[in-house]
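A.B. asks: Got a structure here, written out as structure tokens. Questions coming.
The values are calculated or read from the model by the stated rules, or taken from the named source; none is laboratory data. All figures in this text were calculated on a predicted structure; none of them were measured in a lab. Counting neighbours? That spans all protein chains shown, and the Cβs are built from the backbone with ideal geometry, glycine included. The area values use the complete protein model at the heavy-atom level, side chains included, leaving out ligands, DNA and RNA. Shrake-Rupley method; radii C 1.70, N 1.55, O 1.52, S 1.80 Å.
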Amino acid sequence: MLGKLLKYEFKATSRTFLPIYGALILVALGNRLFRMGNINLGFGLTTAILVGLFVALGVLTLMVTIQRFNRNLLGDEGYLMFTLPVGPNQLIFSKLITTVIWGILSGIVGGMTFVILMGDYQVFREFINAWPELWNELMKGIQTEFNGQVALVLVAIPVIGILSYIEGILMIYLALATGQLPIFSRYRGIISFIAFFIINSVLQLITGLIGNFIPFETMSSTTTLMVVMSGIMVLDVALFMGINYIVSKHLNLE
């Protein structure tokens, strides 16, 4: 059933993201052609459009994250969603997984856009030509710092990035779920807004306090990396459990 939920989510959200991805790549191609042809008016116009598209992509990503969870689960559509033969945890997972994947795809499209824009610049070509040597130096540094655990580092760093992104999404979800509690039914929007900053502050405080008791200075770099990754994972699980508890036990769709 989770697969069907994901298919539904991607179908609903692709209508927002795919057009802007296509527009970014097309405008970037136009920008490069105008620059190569010394057409200043076209170059300036496409540059302004690109800036607007990148801003729009960031805003839309945040809006879709909020709206798909708030309207689809906590709003009127929730009456239908919670009649499906699935648990609240699967409904939350479907929103979370979809949002994370779109976030990753947005990063990939952004990188493609950058390559298109910079592809004919000499400094970029020099960087590409020097990349093998830079990569070798980076690998040597990792081997020295992390006792030869190159594969572990190359996996752990992206995982930490994704887990941190998930943490941000879950904080938004928990804030929205908190505002949905019956006691706050008259002030859902403002309570959710306040709850987000409270949750963020509490997590930072907890992270800081725990960090003071962990002897990072005596740990190896590899151990430190694993501790950080495990800590973020624990926070993600705690946030998810809080969301699932509120949605399961205190759902208020009125």
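A.B. asks: In this structure, does N89 turn out to be open to solvent by less than 20 Å² (accessible area, probe 1.4 Å) and of a type outside the set (F, W, Y)? Break it down stepwise before answering.
C.D. replies: Values: open to solvent by less than 20 Å² (accessible area, probe 1.4 Å): no; of a type outside the set (F, W, Y): yes.
When the stated conditions are applied, N89 does not pass them.
A.B. asks: A further question on this structure: Does any residue of segment 33-48 turn out to be at pLDDT 85 or above, loosely packed, with under 15 Cβ neighbours inside 10 Å and within 28 Å of the chain's Cα centre (by Cα)?
C.D. replies: Yes.
A.B. asks: As an exercise: evaluate L24 against (1) among the hydrophobic types (A, V, I, L, M, F, W, C); (2) open to solvent by less than 70 Å² (accessible area, probe 1.4 Å); (3) within 30 Å of V86 (Cβ to Cβ) and give the number of the one condition it does not meet.
C.D. replies: Against the list (1) among the hydrophobic types (A, V, I, L, M, F, W, C); (2) open to solvent by less than 70 Å² (accessible area, probe 1.4 Å); (3) within 30 Å of V86 (Cβ to Cβ), L24 comes up short only on (3).
A.B. asks: Pick out the one residue from L74, L18, L62 that is buried (at least 17 other Cβ atoms within 10 Å of the Cβ) and either out of contact with any Phe, Trp or Tyr (no Cβ under 6 Å at 6 or more places or on another chain) or modelled with pLDDT under 85 (or both).
C.D. replies: After ruling out the rest, the residue left standing is L74.
A.B. asks: Give just the number: which of (1) farther than 25 Å from F93 by Cα; (2) in contact with a Lys or Arg (Cβ under 6 Å, 6 or more places away or on another chain) does G179 not satisfy?
C.D. replies: (1)
A.B. asks: Something else about it: So which of F114, F127, F69 is assigned to a helix (DSSP H, G or I) and at pLDDT below 75?
C.D. replies: F127
A.B. asks: Now, a different point. For segment 145-192, name all the residues that are surrounded by 14 or more Cβ atoms within 10 Å (Cβ to Cβ) and among the aromatic types (F, W, Y).
C.D. replies: F146, Y165, Y173, F184
A.B. asks: May I pose another question? From the set of residues in segment 223-254 that are of a type in the set (S, T, Y) and modelled with pLDDT of 85 or more, which is surrounded by the most Cβ atoms within 10 Å (Cβ to Cβ)?
C.D. replies: Y245
A.B. asks: Out of I97, I108, I104, I need the residue that is without any contact (Cβ under 8 Å) to a residue 24 or more places away in the chain and open to solvent by 30 Å² or more (accessible area, probe 1.4 Å). Which one? Explain how you work it out, then say what you get.
C.D. replies: Working: I97 fails: without any contact (Cβ under 8 Å) to a residue 24 or more places away in the chain; I104 fails: without any contact (Cβ under 8 Å) to a residue 24 or more places away in the chain.
Result: I108 is the single residue among I97, I108, I104 that is without any contact (Cβ under 8 Å) to a residue 24 or more places away in the chain and open to solvent by 30 Å² or more (accessible area, probe 1.4 Å).
A.B. asks: List every residue pair whose Cβ atoms sit under 6 Å apart, with the two residues 6 or more apart in sequence or on different chains, where the first one lies in segment 239-250 and is closer than 16 Å to V202 by Cβ and in contact (Cβ under 8 Å) with a residue 60 or more places away in the chain and the second, anywhere, is in a helix (DSSP H, G or I) and hydroxyl-bearing (S, T, Y).
C.D. replies: I243/Y173
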